[in-house]
Amino acid sequence: MEQDSLKARYFDLVRELNRHNYQYHVLDRPIISDGEFDGLLQELRGIENKHPDWISRESPTQRVGSNVSEKFGKISHVAPVLSLANAFSEEDVKSWLDRITKLDERIKFADFVLEPKIDGLTVVLTYQNGILIQGTTRGDGIVGEDITPNIRTIRSIPLKVPINNHQLKVPDLLVVRGEVFMFNSEFEELNAALVKKGEKTWLNPRNTAAGSLRQLNPEITASRPLRIYTYQILSHNGGEIPKTQWELLEYLNELGFPVSPASVYCENANQMLQQLAPWKETRENLDYDIDGVVIKVNDLLIASELGFVGKDPRGAIALKFPAMEATTTLENIGINIGRTGVLTPYAIFEPVQCGGVVVKQATLHNFDFIREKDIRIGDRVMIKRAGDVIPYVIGPIVETRTGSEQVYETPDQCPVCGQKVEKLPGEVAVYCVNNACPAQLIRNIEHFASRGAMDINGLGIKIVEQIVSNHLIKDIADIYQLQKKDLLNLEGFGEKKAENLLLAIEDSKQQPLGRLINALGIRDVGEVMAEMLASRFSDLSAIMDAGFQDFIAMEGIGPNIAQAISDWFHQPENQKIIQKLKNSGVWPMNIEGAANEKTESNILAGNIIVVTGTLERFSRDEIKEFIRKNGGKSTESVSPKTSFVLAGENPGSKKAKAIELGIPVLSESEFLERYA
């Protein structure tokens, strides 16, 4: 009975995998993730290894790709377009090395090439006398689809070779294999354009690339930002081609074919194994999706003589990464409320393996995203996890809908305090503007006490949570009503600790107006904006008496920020907080504010500076203070008005944007040499 059950499971797997192959390769509409497909395929292989007599001719292990679409002409390949066996760990790679070393002793002294396993669509390009005459998909590895008109629209594919080195002899017949894909940044731009047109967006770059290549109208293909990286010569006639894979990549590049710059040469097996781990970081830094790294014996003759196992060449193997995408069922949509009152929806779904960990929640970005993607409770959704960041929902798999899914409605009230929410024109965020909202309280107090605000030493997040959970304070102003007896009732507090905290709270009353404004946690008002307000108004009452027109008249304040400031100071709950602060003696005037302190020098006068990355000599607060005291202004975002960017270690996108805009970028040492 157990054997019958296993055999039934085997044929169920064959049918299921073939269905998913058809969805993926022919329709370009997969309904499960690559990781789930790999899991099913591994289960099938396990059964076949134990029962080779059960292997069906229909098994996906006996074929390379999938059926060829009927809407395109069929073309037989000049040589089989083979896939590779998969490894899922370094141990699997070592086992592969052991197997091929037993077959050929030369592997002990072999060198290797590592190439990114691009998550795209395999194509075959045929050149006759250097002219592109045909482009096909891989199809089932023996027969592909003729997509020549579409292939010609991809600008990175040369229509004639060689492109540059015209002294290079090209074979009379040259058949090249490559992978068509999209850069993630260009995929996002494409989807953004579709949203503006009110059209359906794509789930991921791979599906987009595949769908674009299978358009019956080449003009549609031409409108998509498709690219190609090549990596193999399937066949040639006449002329010499390189004898190693590394030289082959260089040869393809000389002919004018793009090859991946991420490929790595390794002198021996040990170096190759050491290079595997860094590929996780490489994967995260690339602007295109890869689902593994391909390991190839560099000597093409040795690789060829190793032969095959079934359809898999022994001379190469693909180390698959944990799948960064997975499908699961969306069970509900929750809402987080941030310090500034932003309502952020998140997905609650059936736990699933993604990126090597089990996840059960993912961000949904904002409510517009839910509406634009038509994400419904009960949907089967595709999620993605890149690196160590929080997983996010890509979109629903509409083909799996049963009709029981529920459309989600954006809330018009804060789910915690019941305050009517607001959405400013031109913004996607929805806000709860009640500063006393319990959901915001802990984060508000943490920010109020932080170093860049009121700098209350000892009032960290853990103590804030204790104070709030024991109902000792209801808003930020209540901090100044805390008494020693209140603190002594909290776990971990003794006489000395309570006295030190109360002393720090009392000392904070001397902070200048700019710090107090920053501490209030007004949306889009950080340290720089707070200092601007402190230099313009005498105290909080003056700001409260001002209106939208007063704020928008200030240089550097746009309509949305002006509206946010006006809204905050005109909320009755916030006005009560301001009065409580005044009653507690927290009432700095602008003559004591940081903006009116004498500068140490004017060496940075007139300079607007963006700081990015980690500095050796300064903390982030210290460098901002240095810039201010020397007459400069520190801002958070790079714009044409930026004078220069001060870049430390790991500077991120701000440095790249500065370079793009032609704005000078100074290292810390260059900055110190000029201004310290």
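The values are calculated or read from the model by the stated rules, or taken from the named source; none is laboratory data. Computed from a predicted model, the values in this text were never measured in an experiment. So basically every Cβ, Gly included, is an ideal-geometry build from the backbone, and we count neighbours across all protein chains shown.
Restricting attention to the stretch 396-409, the residues that are out of contact with any Asp or Glu (no Cβ under 8 Å at 6 or more places or on another chain) and surrounded by 15 or more Cβ atoms within 10 Å (Cβ to Cβ) add up to 1.
Considering Gln419, Gln440, the condition of being free of Cβ contacts under 8 Å to residues at least 60 places away in the same chain and not basic (Lys, Arg) is satisfied by Gln419 alone. Only residues that are without any contact (Cβ under 8 Å) to a residue 60 or more places away in the chain and either of a type in the set (A, V, I, L, M, F, W, C) or buried (at least 19 other Cβ atoms within 10 Å of the Cβ) (or both) were counted in the stretch 540-565, giving 14.
Results for (1) of a type in the set (A, V, I, L, M); (2) free of Cβ contacts under 8 Å to residues at least 60 places away in the same chain; (3) surrounded by fewer than 17 Cβ atoms within 10 Å (Cβ to Cβ); (4) assigned to a helix (DSSP H, G or I), shown as yes or no for each residue.
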site: Leu490; (1), (2), (3), (4): yes, yes, yes, no
site: Leu501; (1), (2), (3), (4): yes, yes, no, yes
site: Lys509; (1), (2), (3), (4): no, no, yes, yes
site: Leu516; (1), (2), (3), (4): yes, no, no, yes
site: Val528; (1), (2), (3), (4): yes, no, no, yes
site: Ser535; (1), (2), (3), (4): no, no, yes, yes
site: Ser538; (1), (2), (3), (4): no, yes, yes, no
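Residues in the stretch 328-350 that are in contact with a Gly (Cβ under 9 Å, 6 or more places away or on another chain) and polar (S, T, N, Q) were compared, and the one that is nearest to Val433 (Cα to Cα) is Thr340. Flag: Gln571 does not match the condition of being in the same structural domain as Ala453 (by TED's automatic domain parsing), in contact (Cβ under 8 Å) with a residue 60 or more places away in the chain, over 27 Å from Gln481 (Cα atoms) and not hydrophobic (A, V, I, L, M, F, W, C). Answer yes or no as to whether Gly310 is touching a residue at least 12 places away in the same chain (Cβ under 8 Å), in contact with a Lys or Arg (Cβ under 8 Å, 6 or more places away or on another chain) and not aliphatic (A, V, I, L, M). In short, no.
Note on the stretch 545-593: among residues that are among the β-branched types (Val, Ile, Thr) and assigned to a helix (DSSP H, G or I), the one that is farthest from Tyr431 (Cα to Cα) is Ile591. Might you let me know whether the stretch 231-250 holds any residue that is over 24 Å from Gln128 (Cα atoms) and out of contact with any strand residue (DSSP E or B) (no Cβ under 7 Å at 6 or more places or on another chain)? Within the stretch 231-250, none of the residues are over 24 Å from Gln128 (Cα atoms) and out of contact with any strand residue (DSSP E or B) (no Cβ under 7 Å at 6 or more places or on another chain). Being closer than 22 Å to Val294 by Cβ and modelled with pLDDT under 90 is a condition met by at least one residue of the stretch 156-167.
Per-residue answers, yes or no, for (1) aliphatic (A, V, I, L, M); (2) surrounded by fewer than 17 Cβ atoms within 10 Å (Cβ to Cβ); (3) at pLDDT 80 or above; (4) assigned to a loop (DSSP other than H, G, I, E, B):
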{"site": "Gln3", "(1), (2), (3), (4)": "no, yes, yes, no"}
{"site": "Phe11", "(1), (2), (3), (4)": "no, yes, yes, no"}
{"site": "Asn21", "(1), (2), (3), (4)": "no, no, no, no"}
{"site": "Arg29", "(1), (2), (3), (4)": "no, yes, no, yes"}
{"site": "Glu48", "(1), (2), (3), (4)": "no, no, yes, no"}
{"site": "Glu58", "(1), (2), (3), (4)": "no, yes, no, yes"}
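Taking every residue in the stretch 632-657 that is in a strand (DSSP E or B) and pairing it with any residue that is among the aromatic types (Phe, Trp, Tyr) and surrounded by 14 or more Cβ atoms within 10 Å (Cβ to Cβ), at least 6 positions away or on another chain, the pairs with Cβ-Cβ distances below 6 Å are Leu646/Phe671. Within the stretch 432-487, the only residue that satisfies the criterion of being assigned to a loop (DSSP other than H, G, I, E, B) and of a type in the set (Ser, Thr, Tyr) is Ser450.
Could you pull out the residue among Val113, Val93, Val78 that is part of a strand (DSSP E or B) and either modelled with pLDDT of 90 or more or among the aromatic types (Phe, Trp, Tyr) (or both)? Going through Val113, Val93, Val78 in turn, the sole match is Val113. Residues of the stretch 159-176 that are assigned to a loop (DSSP other than H, G, I, E, B) and either surrounded by fewer than 22 Cβ atoms within 10 Å (Cβ to Cβ) or not assigned by TED's automatic domain parsing to the domain that holds His236 (or both): Leu159, Pro162, Ile163, Asn164, Asn165, His166, Gln167, Leu168, Lys169, Val170, Pro171, Asp172.
Residues in the stretch 221-238 that are outside any strand (DSSP E or B) and touching a residue at least 24 places away in the same chain (Cβ under 8 Å): Thr221, Ala222, Arg224, Pro225, Leu226, Gly238. Cβ separations smaller than 6 Å between residues 6+ apart or across chains give the following pairs from the stretch 360-382 residues that are at pLDDT 90 or above to residues that are small (Gly, Ala, Ser): Gly378/Ser404.
When each of Leu520, Leu459 is tested for being free of Cβ contacts under 8 Å to residues at least 60 places away in the same chain, more than 23 Å from Gly632 (Cβ to Cβ) and either surrounded by 21 or more Cβ atoms within 10 Å (Cβ to Cβ) or hydroxyl-bearing (Ser, Thr, Tyr) (or both), the lone residue that passes is Leu459. Taking the criterion of being among the acidic types (Asp, Glu) and at pLDDT 80 or above, the only residue of the stretch 598-637 that qualifies is Glu616.
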